[in-house]
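In what follows, a structure is listed as structure tokens, so that the remarks can point back to it.
Values quoted throughout were computed directly from the atomic coordinates according to the rules given, and no laboratory measurement underlies them. Just so it is clear, the model here is predicted, and its values are computed rather than measured. Glycine gets a Cβ as well: all are built from the backbone with ideal geometry, and neighbour counts include every protein chain shown.
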Amino acid sequence: MKRILIAEDDRISQRLAKTIVESFGHTAFVSPNGKHAYEALKAENSFDLLITDIMMPEMDGRQLIQTLRGDTELREMPVIIMSAVVGVSDISSLLELGATRFLAKPLIQEELQESIRRCFAAKS
């Protein structure tokens, strides 16, 4: 069982992502924005994966990825981006920035589970 942090400000998306993660046998924790997520990652440093939205208050997903990739303790953490409002060039730039995978919203259970599986397979 892995520990997965979900950074998402929308309550419906939080619940959906948490339900999918837990149905796959992992433990899910929710942060309401990128700043809170980064603080949780730094404080605990026992998460195995971050799933984050792009558009959030205080620190958005793009800033969160940049911050993680600049942090020696967290730079290798796999990051799945989930968003409903980005185009192909945005997806490409997010992957270049350091995102591991991208998923379009609304989340589809099988796609999120496959992305989680691939992130952990790549880490092994």
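In summary, residue 41 fulfils each of the numbered conditions (1) crowded, with 19+ Cβ neighbours inside 10 Å; (2) within 18 Å of residue 101 (Cα to Cα); (3) of a type in the set (A, V, I, L, M, F, W, C) with the single exception of condition (2). Selection of segment 44-67 for residues being closer than 19 Å to residue 98 by Cβ and among the small types (Gly, Ala, Ser) yields only 61. Among the residues making up segment 14-38, those that are surrounded by fewer than 19 Cβ atoms within 10 Å (Cβ to Cβ) and either touching a residue at least 60 places away in the same chain (Cβ under 8 Å) or in a loop (DSSP other than H, G, I, E, B) (or both) are 23, 24, 25, 26, 32.
Could we say that residue 107 is part of a strand (DSSP E or B) and either farther than 15 Å from residue 4 by Cα or among the β-branched types (Val, Ile, Thr) (or both) here? Judged against the criteria, residue 107 is not a match.
Residue count for segment 98-110, restricted to those that are hydrophobic (A, V, I, L, M, F, W, C) and either buried (at least 17 other Cβ atoms within 10 Å of the Cβ) or in contact with a His (Cβ under 8 Å, 6 or more places away or on another chain) (or both): 4.
With respect to residue 77, determine if the residue is surrounded by 16 or more Cβ atoms within 10 Å (Cβ to Cβ) and closer than 12 Å to residue 54 by Cα. Don't jump to the end; show me each part of the working.
On the way: surrounded by 16 or more Cβ atoms within 10 Å (Cβ to Cβ): yes; closer than 12 Å to residue 54 by Cα: no.
No: the conditions fail for residue 77.
Would segment 56-73 turn up any residue that is within 21 Å of residue 121 (Cα to Cα), in a strand (DSSP E or B) and hydrophobic (A, V, I, L, M, F, W, C)?
no
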